[in-house]
Amino acid sequence: FKEEFGLPYASLRYGNVYGPRQNPHGEAGVVAIFATRILKGEPCVLFAGETLGDAGGIRDYVHVADVVAANLLAADKGLTGVYNVGTGEGHTTEEVLWAIARALGAEPEVNYAERRPGDLYRSVLDPKKLMAEGWRPSRTFEEGIAETALAFREAFLEGRL
């Protein structure tokens, strides 16, 4: 667009975005899915990575508030180019599950299943370019997961799940 129409743009590539009010239905959004299943007393399924029972795939989990901040920064500064919006840290699916369980004080039932065809084993972004513009994640992995899990508990207790 910039070359053809003279329109500058920024492209933001997001890691695995999670946060309060995330939709727990469907295949995407393991944080919301696990939180909901734990609260309902349903088993959680971990799809194995390279070998059955290896803790699942590795992803870069970024809180929705940090994604919003990245978008606002890009707009406010008039950034152009491609930027990764992630923490640069990889966490296994199993780490996500147990972080949610800790926040909820729960001991979920866990079932392991074969890796699904097409599942990417590892996806971790390098956010250095965006960080050079002043962006930083505002929460640690544990803080963000705990905040999200507690928001799901509130929704569950209010009958919104």
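What to note about this one:
- Checklist (1) surrounded by 12 or more Cβ atoms within 10 Å (Cβ to Cβ); (2) in a loop (DSSP other than H, G, I, E, B); (3) touching a Leu at 6+ places or on another chain (Cβ under 7 Å) applied to residue 125, failing item: (3)
- Yes/no for residue 120 being in contact (Cβ under 8 Å) with a residue 40 or more places away in the chain and farther than 16 Å from residue 14 by Cα: no
- Boolean, residue 146 is without any contact (Cβ under 8 Å) to a residue 60 or more places away in the chain, surrounded by fewer than 20 Cβ atoms within 10 Å (Cβ to Cβ), touching a Ser or Thr at 6+ places or on another chain (Cβ under 8 Å) and not polar (S, T, N, Q): no
- Residue among 72, 104 that is over 18 Å from residue 28 (Cα atoms), in contact (Cβ under 8 Å) with a residue 12 or more places away in the chain and of a type outside the set (Asp, Glu): 104
- Qualifying residues in region 90-108 (those that are on the phi < 0 side of the Ramachandran plot and small (Gly, Ala, Ser)) - the one modelled with the lowest pLDDT: 90
- Of note, residue 92 satisfies the criterion of being of a type in the set (Ser, Thr, Tyr), buried (at least 17 other Cβ atoms within 10 Å of the Cβ), closer than 30 Å to residue 128 by Cα and out of contact with any helix residue (DSSP H, G or I) (no Cβ under 9 Å at 6 or more places or on another chain).
The values are calculated or read from the model by the stated rules, or taken from the named source; none is laboratory data. Since this is a predicted model, take the numbers as computed values, not measurements. Please note: Cβ atoms are built from the backbone with ideal geometry, for glycine as well, and neighbour counts cover all protein chains shown.
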